[in-house]
Structure formats: structure tokens, C-alpha cells
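*Asks:* Before anything else, here's the structure in question.
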Amino acid sequence: AQSVTQLGSHVSVSEGALVLLRCNYSSSVPPYLFWYVQYPNQGLQLLLKYTTGATLVKGINGFEAEFKKSETSFHLTKPSAHMSDAAEYFCAVSETNQAGTALIFGKGTTLSVSS
Amino acid sequence: NAGVTQTPKFQVLKTGQSMTLQCAQDMNHEYMSWYRQDPGMGLRLIHYSVGAGITDQGEVPNGYNVSRSTTEDFPLRLLSAAPSQTSVYFCASSRTVALQGIATEAFFGQGTRLTVV
């Protein structure tokens, strides 16, 4: 069964600094990978996704992620943090197997941005 | 565009009561799922469905039932509420890629905040 590990439940950066949120997955087949963002008291919003093709994926709000099969990673980055980026971020994996298909989420990383 | 609609937004139940959380989507997605979100636990999959008449269990199915009689609706039933079911519940729907049957990105409802006392 697939699983997702997000390293660091809480990441703090200064405004203007690089944002790096780590995600590793386990999957026996090439997966689909996603990053979602959740603002307080709201649902989840898709930031970006990897399905096939180019391994560097660009998303909304200046975020991007790179699929590295050899490292089973899909880390999320943003060159310069903004106060409005403070939120909780979830990495997710989707794959199909004999039981069907399922979207599995990591435990989330809370990003804090200080001025 | 409505997307995924969950009702109610808030609910307080007494231990032992039953209730149904409603979820409807208007995107004609095959795949629908229910998650619960608890602090430090992320989103855990309760049940999911790959189409009308087809459901399967996720990671934490105990105490919950689902059915999928139409493509649009995927209600979640709590049979006998327990304090451990206090959580925020999210419904999501996804399109599946035809040949692979794999779920693509999920669209989420706004959530139902359930408290069991």
C-alpha cells in the first residue's frame, strides 16, 4: 500500500526566505502526486500536481515541486515566502492497485512566516 | 459552480445518536471519498467509491457506513456516534483516468465540523 511521509510537522521561515516542504512517498508503481494547501477553517485547495511528463511542476502562488523517482520525493518549494503563504500543506499520492484507486495524504506541514 | 457541497457545516451529537453527513458533486466525477481530519493526523481516508454502486473501505472505516446510489451523491452515515468521532469531515471527488482507473486531483467540500458529547 502506498504511503506519504511529510518531514517536519512545522516549518518556520522569514518573509522573503526560501520555502522547502519535504514529501516522500512509497509506491510500487509510478504514482500521481499532489500538493494541497489549507487555510484556517477552509477546505483543501490544489496547489500543483504531477501525473506524467515533465518532472518539475509549477503551481499556483509561485510554488513548484520536482518529482524525483530515484529519491521517491516530491518536495515543494517557493523562492520567496510571503506572509499570505502561512497555512497547512498536504502532500498526497494516488495510485491504482488490485483494490482500486485511492488518494492518500500525509500528516501535513504547518508553514509559519514571520516578518 | 457548486463543485462539492457538504451539509451540514456544523453538528453536535450525543453519544449513541446516528446521523448522515451529506455530500453532493456536480462535476460528474467517478471517484468520491470521505476523510476525517484530526490535529497532527492529517487526512485519513474513511471510505471511497469508484462509481455508483461500488464502495470500499479506507484506513479508518469502523463506525461509518456509505452507499453510492447515484454518481452525484455519497452520504456518510454514523451508526452510533462516539466521542472518538469528533472531527472535521471532508468529502472529495475526483475524475479517474479511464484506462488506468487512477484518481486524479481531488476537489474538496468545505467540511463538516462534528462534535460528539
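*Asks:* Relative to the Cα centre, what is the charge dipole magnitude of the protein assembly as shown, using +1 at the beta carbon of each Lys and Arg, -1 at the beta carbon of each Asp and Glu, and rounding to the nearest 20 debye?
*Replies:* 280 debye
*Asks:* Mind listing the phi-derived Karplus ³J(HN,Hα) values for the stretch B:52-65, rounded to whole Hz, using 6.51, -1.76 and 1.60 with θ = phi - 60°, and x for any glycine or proline?
*Replies:* After applying 6.51 cos²θ - 1.76 cosθ + 1.60, I find 4, x, 10, 9, 8, 7, x, 6, 10, x, 5, x, 10, 10 Hz.
*Asks:* Quick check: convex hull of the Cα atoms in the stretch A:39-115, volume per residue, rounded to a whole Å³? Could you put the intermediate results ahead of the total?
*Replies:* Details: hull volume 9.5 nm³, N = 77.
Considering the Cα atoms of the stretch A:39-115, their hull volume per residue is 123 Å³.
*Asks:* Give me a comma-separated list of calculated 3J(HN,Hα) values for the stretch A:77-91, in order, Karplus coefficients 6.51, -1.76, 1.60 applied at θ = phi - 60°, integers in Hz, x for any Gly or Pro.
*Replies:* 9, 8, x, 9, 6, 10, 3, 6, 7, 4, 5, 9, 10, 10, 9
*Asks:* Enumerate the amide H contacts of B:GLY3 below 5 Å, restricted to partners 5 or more residues apart or on another chain; note that Pro and chain-start residues carry no placed amide H.
*Replies:* When sequence neighbours closer than 5 places are left aside, the close amide H contacts are B:ASP26.
*Asks:* Also: Please list, in chain and number order, the residues 5+ apart from A:HIS82 or on another chain whose amide H is under 5 Å from its amide H, with Hs placed from the backbone.
*Replies:* A:GLY16
*Asks:* Right, here's the next one. Ordered by residue, what ³J(HN,Hα) values in Hz, to whole numbers, does the stretch B:19-26 give under the Karplus form 6.51 cos²θ - 1.76 cosθ + 1.60, where θ = phi - 60° and Gly and Pro are x?
*Replies:* 6, 10, 8, 9, 9, 9, 10, 10
*Asks:* Under 1.5 on a/c is rounded, so check that first for the protein assembly as shown, then, if it is not, pick prolate when a/b is larger than b/c and oblate when it is not; a ≥ b ≥ c are the square roots of the alpha carbon gyration tensor eigenvalues. Could the numbers behind the result be given before it?
*Replies:* Working: a/c = 1.93, a/b = 1.33, b/c = 1.44.
The shape class here is oblate.
*Asks:* Per residue and in Å³, how big is the convex hull formed by the alpha-carbon atoms of the stretch B:1-116?
*Replies:* Once divided by residue count, the hull of the stretch B:1-116 is 96 Å³.
*Asks:* On average, how many beta carbons from a partner chain sit within 10 Å of the beta carbon of a residue in A:102-110?
*Replies:* If you average over the peptide's residues, the count of other-chain Cβ atoms is 6.
*Asks:* Here is a follow-up. Can you find, among A:ASN61, A:THR110, A:LEU33, the residue farthest towards the positive end of the dipole of the stretch A:4-115? Put +1 on the C-beta of Lys and Arg, -1 on that of Asp and Glu.
*Replies:* Working it through, the farthest residue towards the positive pole turns out to be A:LEU33.
*Asks:* Considering only DSSP beta bridges whose two residues both sit in chain A, what percent are antiparallel, to the nearest 5?
*Replies:* 90 percent
*Asks:* So how far apart, in nm, are the two label points at B:ASP73 and B:ILE54 if each is 7 Å from Cα heading toward Cβ?
*Replies:* 2.2 nm
*Asks:* Where nothing but the Cβ of Lys and Arg (+1) and of Asp and Glu (-1) is charged, how large is the charge dipole of the stretch B:8-61 around its Cα centre, in debye to the nearest 20?
*Replies:* Computed charge dipole of the stretch B:8-61: roughly 300 debye.
*Asks:* Still on this structure, I have one more. Find the accessible area per residue for chain A; the probe is 1.4 Å, ligands and nucleic acids are left out, and the unit is Å².
*Replies:* Solvent-accessible surface per residue comes out at 47 Å².
The values are calculated or read from the model by the stated rules, or taken from the named source; none is laboratory data. What you see is a predicted model, and the numbers here were worked out from it, not measured in a lab. In this analysis, Cβ positions are derived from the backbone assuming ideal geometry, glycine residues included, and neighbour counts consider all displayed protein chains. Quick note on the areas: whole protein, heavy atoms, side chains included, nothing else; ligands and nucleic acids left out. Shrake-Rupley method; radii C 1.70, N 1.55, O 1.52, S 1.80 Å.
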